[in-house]
Amino acid sequence: AFIFDLHPKIFIATDSSTFDMPTYELCCDMLDLIADMGCIYQEYEGGEERGVFSTCSVIKLNDTLLHLKQINRHLALVCIQMQQETACTQGIVDYNFQQLKHGIQEVLKVANL
């Protein structure tokens, strides 16, 4: 999993798994795809345009799922999950994301960013 700064597509944090460049490039390609599709299928909420990364996006590639969830307007979490692991774990992924999002928001609130 990576936490990306959305606009320059630079990851600012990663989990404890080993880093490999093809995985990073796959995540960057996902960010590009979602941004490109968002320009076509823009959503509006209450008359205001929502960000293209504002919802969860899941892309299936062979036996791998890529999850993208926006943390705030500048940060997004991209997770890579093997499909055989998905049977009972979607709720856990959602819960862990909410905990991570809450923690990052608290840190940013303390730092006044």
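Do the conditions hold for Lys69, that is, is it open to solvent by 30 Å² or more (accessible area, probe 1.4 Å), modelled with pLDDT of 65 or more and either among the basic types (Lys, Arg) or within 19 Å of Ser17 (Cβ to Cβ) (or both)?
On the way: open to solvent by 30 Å² or more (accessible area, probe 1.4 Å): no; modelled with pLDDT of 65 or more: yes; either among the basic types (Lys, Arg) or within 19 Å of Ser17 (Cβ to Cβ) (or both): yes.
No.
If I ask for residues that are part of a strand (DSSP E or B), of a type outside the set (Phe, Trp, Tyr) and either in contact with a Gly (Cβ under 6 Å, 6 or more places away or on another chain) or open to solvent by 50 Å² or more (accessible area, probe 1.4 Å) (or both), which ones from the stretch 6-36 would you list?
The first filter runs over the stretch 6-36 and keeps only residues part of a strand (DSSP E or B), leaving 10-14.
Okay, now just the ones that are also of a type outside the set (Phe, Trp, Tyr), so 10, 12-14.
Selection gives Ile10, Ile12, Thr14.
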Exercise for the section: For residues that are farther than 23 Å from Lys101 by Cβ and not in a strand (DSSP E or B), scanning just the stretch 43-66, find the one that is modelled with the lowest pLDDT. Expected result: Gly47
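Would you confirm, using the coordinates I've provided, whether Asp20 is farther than 25 Å from Gln105 by Cα and either of a type outside the set (S, T, N, Q) or at pLDDT 80 or above (or both)? It would help to see each step written out before you state the result.
Numbers: farther than 25 Å from Gln105 by Cα: yes; either of a type outside the set (S, T, N, Q) or at pLDDT 80 or above (or both): yes.
For Asp20, the condition - farther than 25 Å from Gln105 by Cα and either of a type outside the set (S, T, N, Q) or at pLDDT 80 or above (or both) - is met.
The values are calculated or read from the model by the stated rules, or taken from the named source; none is laboratory data. This one's a predicted model, so the numbers in the text were calculated from it and none came from an experiment. Neighbour counts are summed over all protein chains in view; Cβ atoms, including those assigned to glycine, are modelled from backbone coordinates with ideal geometry. The area values use the complete protein model at the heavy-atom level, side chains included, leaving out ligands, DNA and RNA. Shrake-Rupley method; radii C 1.70, N 1.55, O 1.52, S 1.80 Å.
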